[in-house]
1. Of all residues in the stretch 91-123, how many are buried (at least 21 other Cβ atoms within 10 Å of the Cβ) and among the hydroxyl-bearing types (Ser, Thr, Tyr)?
2. Which of the residues that make up the stretch 142-156 are closer than 20 Å to Ala111 by Cβ and either open to solvent by 80 Å² or more (accessible area, probe 1.4 Å) or not polar (S, T, N, Q) (or both)?
3. Check Arg218, Arg198, Arg140, Arg180 and return the single one that is charged (D, E, K, R) and in a helix (DSSP H, G or I).
4. Inside the stretch 236-288, can you point out the residues that are in a helix (DSSP H, G or I), under 11 Å from Leu224 (Cβ atoms) and open to solvent by less than 30 Å² (accessible area, probe 1.4 Å)?
5. So which of Arg226, Arg208 ends up being in contact with a Phe, Trp or Tyr (Cβ under 6 Å, 6 or more places away or on another chain) and among the basic types (Lys, Arg)?
6. Polar (S, T, N, Q), in a loop (DSSP other than H, G, I, E, B) and in contact with a helix residue (DSSP H, G or I) (Cβ under 6 Å, 6 or more places away or on another chain): is that true of Thr228 in this structure?
7. Of the numbered conditions (1) farther than 29 Å from Ser149 by Cα; (2) open to solvent by less than 60 Å² (accessible area, probe 1.4 Å), Asn63 satisfies every one except a single condition; which is it?
8. Does Val131 count as within 11 Å of the chain's Cα centre (by Cα) and assigned to a helix (DSSP H, G or I)?
Amino acid sequence: MVFERAAQSTRSARTAFLALSVLSAPIFLSACTSSGKDLDLSTYVEQTEPADVLYNQALANMNSGRLKEASAKFDAIDRQHPYSEFARKALVMGAFANYRQGNYDDSINSAKRYLALYPSTPDAAYAQYIVGLCYFRQIRDVTQDQKESRRAIEAMQEVVTRWPDSEYVDDAKTKIRMARDQLAGKEMQVGRYYLERREYIAAVKRFRYVVENYSNTRHIEEALARLTESYYAMGLTSEAQTAAAVLGQNYPDSQWYKDSYKLLQSGGLEPRENAGSWISKAGKLITG
(Lines give C-alpha, C1' and ligand atoms only; values in the text may rest on other atoms or scores of the structure.)
Protein backbone atom coordinates (compact mmCIF):
# COMPACT_ATOMS: atom_id res chain seq x y z
CA MET A 1 0.00 0.00 0.00
CA VAL A 2 0.93 3.61 -0.46
CA PHE A 3 0.75 4.05 3.30
CA GLU A 4 3.61 1.60 3.77
CA ARG A 5 5.68 2.95 0.90
CA ALA A 6 5.24 6.49 2.18
CA ALA A 7 6.76 5.58 5.57
CA GLN A 8 10.31 5.50 4.18
CA SER A 9 12.50 8.52 5.03
CA THR A 10 15.84 9.80 3.86
CA ARG A 11 18.61 10.30 6.43
CA SER A 12 20.54 12.55 4.10
CA ALA A 13 17.68 15.05 3.98
CA ARG A 14 17.47 15.06 7.77
CA THR A 15 21.23 15.64 8.10
CA ALA A 16 21.11 18.50 5.61
CA PHE A 17 18.23 20.18 7.41
CA LEU A 18 19.88 19.77 10.83
CA ALA A 19 23.15 21.20 9.54
CA LEU A 20 21.28 24.15 8.09
CA SER A 21 19.54 24.72 11.41
CA VAL A 22 22.85 24.74 13.32
CA LEU A 23 24.52 27.14 10.89
CA SER A 24 21.62 29.54 10.82
CA ALA A 25 21.02 29.61 14.60
CA PRO A 26 23.55 32.37 15.46
CA ILE A 27 22.18 34.58 12.70
CA PHE A 28 18.65 34.03 13.90
CA LEU A 29 19.46 34.75 17.55
CA SER A 30 21.36 37.88 16.61
CA ALA A 31 18.46 39.14 14.56
CA CYS A 32 16.02 38.51 17.40
CA THR A 33 18.24 40.27 19.91
CA SER A 34 18.58 43.34 17.74
CA SER A 35 14.86 43.54 17.12
CA GLY A 36 14.10 43.66 20.82
CA LYS A 37 11.10 41.33 20.40
CA ASP A 38 10.38 38.21 22.46
CA LEU A 39 11.30 34.93 20.78
CA ASP A 40 8.37 32.59 20.09
CA LEU A 41 10.22 29.28 20.31
CA SER A 42 7.20 27.17 19.35
CA THR A 43 6.77 29.13 16.14
CA TYR A 44 10.50 28.95 15.40
CA VAL A 45 10.58 25.16 15.79
CA GLU A 46 7.43 24.72 13.71
CA GLN A 47 8.81 26.86 10.92
CA THR A 48 12.22 25.23 10.72
CA GLU A 49 11.51 21.56 11.42
CA PRO A 50 12.90 19.33 8.67
CA ALA A 51 10.43 17.81 6.23
CA ASP A 52 11.39 14.22 6.96
CA VAL A 53 10.93 14.75 10.70
CA LEU A 54 7.46 16.20 10.19
CA TYR A 55 6.59 13.40 7.82
CA ASN A 56 7.63 10.64 10.19
CA GLN A 57 5.77 12.34 13.01
CA ALA A 58 2.65 12.45 10.84
CA LEU A 59 2.95 8.77 10.04
CA ALA A 60 3.41 7.94 13.71
CA ASN A 61 0.26 9.92 14.50
CA MET A 62 -1.66 7.98 11.86
CA ASN A 63 -0.45 4.66 13.23
CA SER A 64 -1.64 5.73 16.66
CA GLY A 65 -5.03 6.83 15.35
CA ARG A 66 -4.37 10.53 15.93
CA LEU A 67 -5.62 11.54 12.50
CA LYS A 68 -6.20 15.20 13.29
CA GLU A 69 -2.59 15.61 14.42
CA ALA A 70 -1.41 13.71 11.35
CA SER A 71 -3.36 16.04 9.07
CA ALA A 72 -1.79 19.06 10.76
CA LYS A 73 1.72 17.65 10.19
CA PHE A 74 1.03 16.88 6.54
CA ASP A 75 -0.32 20.40 6.05
CA ALA A 76 2.79 21.84 7.73
CA ILE A 77 5.05 20.00 5.28
CA ASP A 78 3.09 21.40 2.35
CA ARG A 79 3.39 24.93 3.73
CA GLN A 80 7.01 24.83 4.87
CA HIS A 81 8.57 22.66 2.18
CA PRO A 82 6.47 23.16 -0.96
CA TYR A 83 7.28 21.09 -4.07
CA SER A 84 9.70 18.88 -2.17
CA GLU A 85 9.52 15.10 -2.34
CA PHE A 86 8.08 15.02 1.16
CA ALA A 87 5.49 17.63 0.21
CA ARG A 88 4.40 15.40 -2.66
CA LYS A 89 3.99 12.41 -0.35
CA ALA A 90 2.34 14.52 2.34
CA LEU A 91 -0.26 15.80 -0.10
CA VAL A 92 -1.64 12.36 -0.94
CA MET A 93 -1.30 11.10 2.63
CA GLY A 94 -3.08 14.21 3.87
CA ALA A 95 -5.92 13.39 1.48
CA PHE A 96 -6.09 9.91 2.99
CA ALA A 97 -6.06 11.25 6.56
CA ASN A 98 -8.92 13.64 5.78
CA TYR A 99 -10.87 10.82 4.15
CA ARG A 100 -10.49 8.71 7.29
CA GLN A 101 -11.82 11.60 9.37
CA GLY A 102 -14.81 12.12 7.10
CA ASN A 103 -13.50 15.48 5.88
CA TYR A 104 -14.48 14.58 2.35
CA ASP A 105 -14.29 18.02 0.74
CA ASP A 106 -10.79 18.62 2.10
CA SER A 107 -9.74 15.14 1.03
CA ILE A 108 -11.08 15.62 -2.51
CA ASN A 109 -9.37 19.00 -2.82
CA SER A 110 -6.01 17.58 -1.71
CA ALA A 111 -6.29 14.55 -3.98
CA LYS A 112 -7.28 16.64 -6.99
CA ARG A 113 -4.44 19.05 -6.29
CA TYR A 114 -2.07 16.09 -6.21
CA LEU A 115 -3.38 14.89 -9.56
CA ALA A 116 -2.93 18.35 -11.05
CA LEU A 117 0.67 18.63 -9.81
CA TYR A 118 1.83 15.02 -10.15
CA PRO A 119 -0.36 13.24 -12.73
CA SER A 120 2.32 10.74 -13.79
CA THR A 121 3.60 9.56 -10.40
CA PRO A 122 2.92 6.09 -8.99
CA ASP A 123 0.61 7.52 -6.34
CA ALA A 124 -1.64 9.26 -8.89
CA ALA A 125 -3.91 6.20 -9.12
CA TYR A 126 -4.27 6.20 -5.35
CA ALA A 127 -5.15 9.90 -5.30
CA GLN A 128 -7.88 9.32 -7.88
CA TYR A 129 -9.11 6.31 -5.92
CA ILE A 130 -9.41 8.50 -2.81
CA VAL A 131 -11.57 10.94 -4.76
CA GLY A 132 -13.86 8.08 -5.72
CA LEU A 133 -14.02 6.79 -2.14
CA CYS A 134 -14.99 10.23 -0.84
CA TYR A 135 -17.91 10.46 -3.24
CA PHE A 136 -18.89 6.85 -2.61
CA ARG A 137 -19.06 7.34 1.17
CA GLN A 138 -21.47 10.23 0.67
CA ILE A 139 -24.01 8.30 -1.40
CA ARG A 140 -27.46 8.87 0.03
CA ASP A 141 -30.64 6.85 0.29
CA VAL A 142 -32.52 6.36 -3.00
CA THR A 143 -35.22 8.73 -1.80
CA GLN A 144 -32.67 11.55 -2.09
CA ASP A 145 -30.61 13.07 -4.87
CA GLN A 146 -27.99 10.71 -6.31
CA LYS A 147 -25.34 13.16 -7.50
CA GLU A 148 -22.75 11.48 -5.28
CA SER A 149 -23.46 8.14 -6.97
CA ARG A 150 -22.81 9.66 -10.39
CA ARG A 151 -19.64 11.38 -9.20
CA ALA A 152 -18.38 8.17 -7.57
CA ILE A 153 -18.90 6.30 -10.85
CA GLU A 154 -17.03 8.96 -12.82
CA ALA A 155 -14.13 9.05 -10.36
CA MET A 156 -13.79 5.27 -10.11
CA GLN A 157 -14.12 4.84 -13.87
CA GLU A 158 -11.15 7.18 -14.19
CA VAL A 159 -9.14 4.77 -12.05
CA VAL A 160 -10.16 1.83 -14.25
CA THR A 161 -9.48 3.66 -17.50
CA ARG A 162 -6.23 5.46 -16.71
CA TRP A 163 -4.61 2.89 -14.43
CA PRO A 164 -5.96 -0.51 -15.58
CA ASP A 165 -3.12 -2.40 -13.89
CA SER A 166 -3.46 -0.60 -10.58
CA GLU A 167 -4.17 -2.48 -7.36
CA TYR A 168 -7.25 -0.31 -6.88
CA VAL A 169 -9.04 -1.38 -10.08
CA ASP A 170 -10.92 -4.35 -8.64
CA ASP A 171 -12.42 -2.36 -5.79
CA ALA A 172 -13.10 0.56 -8.13
CA LYS A 173 -15.17 -1.76 -10.33
CA THR A 174 -17.04 -3.03 -7.29
CA LYS A 175 -17.83 0.51 -6.20
CA ILE A 176 -19.02 1.35 -9.72
CA ARG A 177 -21.44 -1.59 -9.69
CA MET A 178 -22.77 -0.58 -6.29
CA ALA A 179 -23.22 3.05 -7.32
CA ARG A 180 -24.98 1.99 -10.54
CA ASP A 181 -27.28 -0.18 -8.46
CA GLN A 182 -28.09 2.89 -6.41
CA LEU A 183 -28.95 4.89 -9.53
CA ALA A 184 -31.18 2.07 -10.72
CA GLY A 185 -32.84 2.05 -7.30
CA LYS A 186 -33.60 5.74 -7.65
CA GLU A 187 -35.28 5.16 -11.02
CA MET A 188 -37.34 2.34 -9.52
CA GLN A 189 -38.39 4.50 -6.60
CA VAL A 190 -39.68 7.21 -8.95
CA GLY A 191 -41.29 4.63 -11.24
CA ARG A 192 -43.21 3.07 -8.35
CA TYR A 193 -44.39 6.55 -7.34
CA TYR A 194 -45.95 7.06 -10.78
CA LEU A 195 -47.34 3.52 -10.89
CA GLU A 196 -49.15 3.97 -7.58
CA ARG A 197 -50.80 7.07 -9.04
CA ARG A 198 -51.69 5.22 -12.25
CA GLU A 199 -49.50 7.52 -14.32
CA TYR A 200 -48.49 4.55 -16.43
CA ILE A 201 -46.62 6.30 -19.23
CA ALA A 202 -44.35 8.07 -16.75
CA ALA A 203 -43.88 4.81 -14.83
CA VAL A 204 -42.99 2.84 -17.98
CA LYS A 205 -40.38 5.45 -18.88
CA ARG A 206 -38.56 4.88 -15.58
CA PHE A 207 -38.77 1.08 -15.64
CA ARG A 208 -37.64 0.99 -19.27
CA TYR A 209 -34.63 3.11 -18.41
CA VAL A 210 -33.60 0.57 -15.78
CA VAL A 211 -33.95 -2.35 -18.20
CA GLU A 212 -31.98 -0.61 -20.94
CA ASN A 213 -29.27 1.00 -18.81
CA TYR A 214 -28.92 -1.02 -15.61
CA SER A 215 -29.43 -4.57 -16.82
CA ASN A 216 -26.73 -5.96 -14.51
CA THR A 217 -28.22 -4.62 -11.27
CA ARG A 218 -30.43 -6.32 -8.71
CA HIS A 219 -33.39 -4.16 -9.79
CA ILE A 220 -33.85 -5.72 -13.21
CA GLU A 221 -36.32 -8.39 -12.02
CA GLU A 222 -38.65 -5.88 -10.45
CA ALA A 223 -38.32 -3.52 -13.42
CA LEU A 224 -39.55 -6.24 -15.81
CA ALA A 225 -42.36 -7.17 -13.45
CA ARG A 226 -43.41 -3.53 -13.13
CA LEU A 227 -43.38 -3.20 -16.91
CA THR A 228 -45.67 -6.23 -17.11
CA GLU A 229 -48.00 -4.58 -14.59
CA SER A 230 -47.91 -1.16 -16.28
CA TYR A 231 -48.42 -2.40 -19.83
CA TYR A 232 -51.21 -4.74 -18.70
CA ALA A 233 -52.99 -1.82 -17.00
CA MET A 234 -52.65 0.22 -20.21
CA GLY A 235 -54.10 -2.58 -22.31
CA LEU A 236 -50.83 -3.18 -24.17
CA THR A 237 -51.00 -6.92 -23.72
CA SER A 238 -48.27 -7.85 -26.21
CA GLU A 239 -45.73 -5.71 -24.37
CA ALA A 240 -46.93 -7.05 -21.02
CA GLN A 241 -46.54 -10.63 -22.25
CA THR A 242 -43.07 -9.90 -23.63
CA ALA A 243 -41.89 -8.32 -20.37
CA ALA A 244 -43.09 -11.37 -18.44
CA ALA A 245 -41.51 -13.75 -20.96
CA VAL A 246 -38.11 -12.04 -20.73
CA LEU A 247 -38.40 -12.06 -16.94
CA GLY A 248 -39.16 -15.78 -16.95
CA GLN A 249 -36.29 -16.61 -19.32
CA ASN A 250 -33.74 -14.90 -17.09
CA TYR A 251 -35.24 -15.47 -13.64
CA PRO A 252 -37.56 -18.50 -13.82
CA ASP A 253 -37.57 -18.98 -10.04
CA SER A 254 -38.15 -15.33 -9.22
CA GLN A 255 -41.16 -14.33 -7.15
CA TRP A 256 -41.49 -11.36 -9.48
CA TYR A 257 -41.97 -13.78 -12.37
CA LYS A 258 -44.55 -15.79 -10.45
CA ASP A 259 -46.51 -12.63 -9.69
CA SER A 260 -46.31 -11.47 -13.31
CA TYR A 261 -47.44 -14.87 -14.59
CA LYS A 262 -50.39 -14.82 -12.19
CA LEU A 263 -51.35 -11.31 -13.33
CA LEU A 264 -51.43 -12.36 -16.99
CA GLN A 265 -53.39 -15.52 -16.17
CA SER A 266 -56.05 -13.40 -14.50
CA GLY A 267 -56.76 -11.93 -17.92
CA GLY A 268 -56.53 -15.20 -19.79
CA LEU A 269 -53.00 -14.49 -21.02
CA GLU A 270 -49.55 -16.02 -20.58
CA PRO A 271 -45.97 -14.87 -21.12
CA ARG A 272 -45.13 -14.71 -24.82
CA GLU A 273 -42.16 -12.92 -26.32
CA ASN A 274 -42.53 -10.55 -29.25
CA ALA A 275 -39.09 -10.58 -30.89
CA GLY A 276 -39.70 -7.14 -32.38
CA SER A 277 -40.28 -5.48 -29.02
CA TRP A 278 -37.68 -3.26 -27.41
CA ILE A 279 -38.03 -5.44 -24.32
CA SER A 280 -36.92 -8.53 -26.24
CA LYS A 281 -33.87 -6.72 -27.58
CA ALA A 282 -32.98 -5.28 -24.18
CA GLY A 283 -33.43 -8.69 -22.60
CA LYS A 284 -30.46 -10.04 -24.52
CA LEU A 285 -28.22 -7.66 -22.58
CA ILE A 286 -29.31 -8.82 -19.15
CA THR A 287 -26.36 -10.18 -17.18
CA GLY A 288 -27.51 -9.77 -13.61
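1. Looking only at that region, the number is 4.
2. Residues of the stretch 142-156 closer than 20 Å to Ala111 by Cβ: 147-156.
Those that are closer than 20 Å to Ala111 by Cβ and either open to solvent by 80 Å² or more (accessible area, probe 1.4 Å) or not polar (S, T, N, Q) (or both): Lys147, Glu148, Arg150, Arg151, Ala152, Ile153, Glu154, Ala155, Met156.
3. Details: Arg218 fails: in a helix (DSSP H, G or I); Arg198 fails: in a helix (DSSP H, G or I); Arg140 fails: in a helix (DSSP H, G or I).
Being charged (D, E, K, R) and in a helix (DSSP H, G or I) holds for just one of Arg218, Arg198, Arg140, Arg180, which is Arg180.
4. Correct list: Ala240, Thr242, Ala243, Ala244, Ala245, Val246, Leu247, Gly248, Ser260, Ile279, Ala282, Gly283.
5. Details: Arg208 fails: in contact with a Phe, Trp or Tyr (Cβ under 6 Å, 6 or more places away or on another chain).
Within the list Arg226, Arg208, the selection yields Arg226.
6. Working: polar (S, T, N, Q): yes; in a loop (DSSP other than H, G, I, E, B): no; in contact with a helix residue (DSSP H, G or I) (Cβ under 6 Å, 6 or more places away or on another chain): yes.
It is false that Thr228 is polar (S, T, N, Q), in a loop (DSSP other than H, G, I, E, B) and in contact with a helix residue (DSSP H, G or I) (Cβ under 6 Å, 6 or more places away or on another chain).
7. Of the numbered conditions (1) farther than 29 Å from Ser149 by Cα; (2) open to solvent by less than 60 Å² (accessible area, probe 1.4 Å), the odd one out for Asn63 is (2).
8. yes
The values are calculated or read from the model by the stated rules, or taken from the named source; none is laboratory data. Computed from a predicted structure; not experimentally measured. Neighbour counts run over all protein chains shown; Cβ positions are idealised from the backbone, glycine included. Ligands, DNA and RNA are excluded from the accessible area calculation, which covers all protein heavy atoms including side chains. Shrake-Rupley method; radii C 1.70, N 1.55, O 1.52, S 1.80 Å.
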